[in-house]
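Below you'll find the structure, written out as structure tokens, and then a few comments.
The values are calculated or read from the model by the stated rules, or taken from the named source; none is laboratory data. Values in this document were obtained by computation on a predicted structure and should not be read as measured data. No Cβ is skipped: glycine too gets one built from the backbone with ideal geometry, and neighbour counts run over all protein chains shown. Note: accessible area is taken over every heavy atom of the protein model, side chains too, but ligands, DNA and RNA are not part of it. Shrake-Rupley method; radii C 1.70, N 1.55, O 1.52, S 1.80 Å.
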Amino acid sequence: MAYRAEYLWIDGVAPTPEIRSKTKILPDGESPGVWGYDGSSTNQATGDNSDVVLNPVFSCPDPIRGGANILVMCEALLTDMTPHPTNTRALAVEALATYADQEPIFGLEQEYTLINPATGWPAGFPPNGFPAPQGPYYCGVGALKIHGRDLIEEHTSACIEAGLAISGTNAEVMPGQWEFQIGPVDTVTVGDHLWIARYLLYRLAENHGVEVSIKPKPMPGDWNGAGMHTNFSTKAMRESYEPIIAACEAMGALGKPEEHLTGYGVGIEDRLTGAHETQRFDEFSYGVSDRGASIRIPWQVAKDGKGYIEDRRPNANADPYVVSALVTETVCSALI
Ligand code: ADP
Ligand code: MN
Ligand code: MN
Ligand code: MN
């Protein structure tokens, strides 16, 4: 008997790279090796020099196909086997290798919006006009408030069966908007698991006839945007409070907020307006329980005098490898 390995990789389509995949059928007992694809169709090569190498970096059971079938997360390499310029995972690998002693870990909150392909509007928005204003939808229950829960349950089960570090889900503030969390796991693993979880979500949504959007501001106006809040700690932060404050200060050091925003996802100015539970993109602040700050220190962390910080700025469309590499580098290089 043969089995199927679904090779996953990240394309080079600017400004928001997305996940791609194709299937390899392997004889029983043979493990998935290096493969390749046509980079000229993914904005990663020219037609006359189109081969991009797929290097398997992480694999897990394929919860959709079941059986012996697997998902294989890959990094893109050039044919000389060095990282392709779009290989952002290499940045996360380097950051973790440099600072592994400080034991950085991440929990990412992936927000997203289910889109009705017939209208192009979020699920739960009527074809003409608007639903009732935000208020009852966040963590709500009931058919008028909640849209797409069957898909969310399927996706959660799939992530668990794949062995991903999914840690929770919730309905969000705008109708049709949801969140899942991955973590806490290390700088590289959080990106691997988050990209696979995105793949499973898009793939399962096909069966439900809905599209998943990670646009940071899917609806203009008085509707919440979609972020990828980034919870982060080092060993020292998990043990005492002083490193928590030092980490916030390192994140706000001269030039750092601007540097980070370049890697926090396209369209960040549209989402970080200062309204809808965000700080403005051109201001930096941190505070206990403050959902209007760039970085929130959860109340439990202030109470316990140790724990983690939440960077609320990354967009839903950010690349988790880029975000985790930036935060690891900034905080750990300050020896926190
Ligand atoms: P919020 O209240 O902001 O909605 P969530 O419960 O959605 O918070 O997400 C919190 C995230 O923080 C989870 O993904 C969890 O795994 C992560 N987390 C918990 N402890 C730590 C820690 N010490 N370091 C990093 N991340 C952590
Ligand atoms: Mn959350
Ligand atoms: Mn949220
Ligand atoms: Mn959050």
Computed helical MRE - 222 nm, the chain, DSSP H runs ≥ 4 contributing -39500 (n - 2.57), nearest 500: -7500 deg cm²/dmol
Mean-position separation - Cα centroids, region 299-315 and region 79-138, in angstrom: 20
Whole-Å semi-axes of the ellipsoid equivalent to region 294-336 (Cα gyration tensor, √5λ, descending): 21, 15, 7
Integer Hz, Karplus 6.51/-1.76/1.60 couplings in order for region 226-240, x for Gly and Pro: 10, x, 9, 3, 10, 8, 9, 8, 10, 4, 4, 5, 6, 10, 7
For residue 174, net neighbour charge (Lys/Arg +1, Asp/Glu -1) across residues whose Cβ lies under 12 Å away: -2
Most positive-pole-ward Cα, 176, 297, 204, against dipole of the chain from beta carbon charges: 176
Taking N as its residue count, the alpha carbon Rg of region 2-87 over 2.2 N^0.38 Å: 1.11
Distance from region 196-215 to region 217-251 (C-alpha centre basis), Å: 26
Label zone at residue 240, where the point sits 7 Å out along the Cα-to-Cβ direction: region 300-336 residues whose backbone N lies under 12 Å: 306
Separation in nanometres of the label points that stand 7 Å from Cα toward Cβ, at residue 23 and residue 46: 3.5
Label-reachable residues, region 11-32, where backbone N falls under 14 Å from a point 7 Å from residue 68's Cα toward its Cβ: 25-32
Local electrostatic count at residue 135 - Lys and Arg +1, Asp and Glu -1, tallied over other residues with Cβ under 12 Å: 0
Apportionment of accessible area to carbon and sulfur, region 95-334, percent (1.4 Å): 53
Region 125-164: radius of gyration and largest Cα-Cα distance (Dmax), Å: 13.8, 42
Residues in region 196-225 reached by a label modelled at residue 118 [backbone nitrogen below 13 Å; 7 Å Cα→Cβ]: 209-210
Percent of Cα pairs exceeding the 32 Å cut-off, where the set is the chain: 31
Surface share of carbon and sulfur [accessible, 1.4 angstrom probe, percent] for region 2-87: 50
Surface per residue (accessible, 1.4 Å probe) for the chain, Å²: 43
Long pairs among 235/303; 22/256; 235/256; 256/306; 215/235, criterion Cα-Cα beyond 28 Å: 22/256; 215/235
